[in-house]
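Peer 1: One structure follows; several queries about it will come next.
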Amino acid sequence: ATKDNRSEVTKVNSAAMISGQYMPPRDDNSLLTRPIMLNFLKRIFTAEDMANYTKLKEYESDGLTGLMCEIMRYRELIEKKYNETFDDLFQENRDALSTQRIPFDERVLRNYTVINTVVKLFVEHAKEIDLGIDYRNFSRNMLSMVSEQSQQIAAGEALATFWNMIEFLSDQNMIHVDRD
């Protein structure tokens, strides 16, 4: 927080996962526009869920280096096709939301399109790696998540506007405790 209204640019060296029960409403929801938010509901897991979890933990205990080697084989593909695919998908997603008259935050859509781009490239060009997802369903869910997160931002902005107005009126001595 530099307090000079200027953005600072820092090179991204890794991704971060933030876990918590509350959304970050600070600075007019600027923090809420940056992450890809995933909600996890408490549920009862099936036997298949538990078996898949156990299998994943076995892979983890054996080490994930082999997985990284498999993924790195596609680095050149990503380097060559990422930008064009991202641009096409972003426009496609933007048009889909606009056509359906679904309000969205542009930054949120860009963030989700990053993931959508990589998934599309792997589904179309890395058939040896089975992601275990239906791409159309994935894309629909992603757009739904963009809409949901954008609505949360809009609701937070409306609430912030209300409290900013209360603060302004109080500072200007235009409202008074126990009277207004």
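Laboratory data are not the source of any read-out in this text; all were calculated from the coordinates shown. Predicted, not measured: the structure shown is a model, and the values here were computed from it. All Cβ positions, glycine included, derive from the backbone under ideal geometry; neighbour counts span all protein chains shown.
Peer 1: Considering only C-alpha atoms, what is the centroid distance from region 118-141 to region 38-107, in Å?
Peer 2: 8 Å
Peer 1: How large are Rg and Dmax for region 39-180 when only the alpha carbon atoms are used, in Å?
Peer 2: So, for region 39-180, Rg and Dmax equal 22.5, 70 Å respectively.
Peer 1: Still on this structure: How high is the relative contact order of region 34-180, given as a whole-number percent (alpha carbon pairs under 8 Å, six or more residues apart)? All intermediate terms of the calculation are to be shown ahead of the outcome.
Peer 2: Working: 61 pairs, mean separation 38.6, N = 147.
So the answer I get is 26 percent.
Peer 1: Suppose every K and R has +1 on its Cβ and every D and E has -1 on its Cβ; what is the size of the dipole of region 28-119 about the Cα centre, in Debye to the nearest 20?
Peer 2: Magnitude of the dipole: close to 220 debye.
Peer 1: For region 65-180, with only Lys/Arg (+1) and Asp/Glu (-1) charged at the beta-carbon, what is the dipole magnitude about the Cα centre, in debye rounded to 20?
Peer 2: In debye, rounded to 20, region 65-180 gives about 360.
Peer 1: Just add up the charged neighbours of Thr85: K/R +1, D/E -1, any other residue whose Cβ is under 13 Å from the Cβ of Thr85.
Peer 2: Neighbour charge sum, excluding Thr85 itself: -3.
Peer 1: Starting from the Cα of Ala126, step 7 Å toward the Cβ, then list every residue of region 51-69 with an amide N under 14 Å from that point.
Peer 2: 65-69
Peer 1: I need the peptides 133-142, 164-173 ranked by packing, meaning the mean over residues of other C-beta atoms within 10 angstrom, with the highest value on top.
Peer 2: Working: 133-142: 13.3, 164-173: 10.5.
Output ranking for 133-142, 164-173: 133-142, 164-173.
Peer 1: Can you work out the Karplus-derived ³J(HN,Hα) for every residue in region 70-83? Use 6.51 cos²θ - 1.76 cosθ + 1.60 with θ = phi - 60°, whole Hz, and x for glycine or proline.
Peer 2: Rounded to whole hertz, the list is 5, 5, 5, 4, 9, 4, 4, 4, 4, 4, 7, 9, 4, 4.
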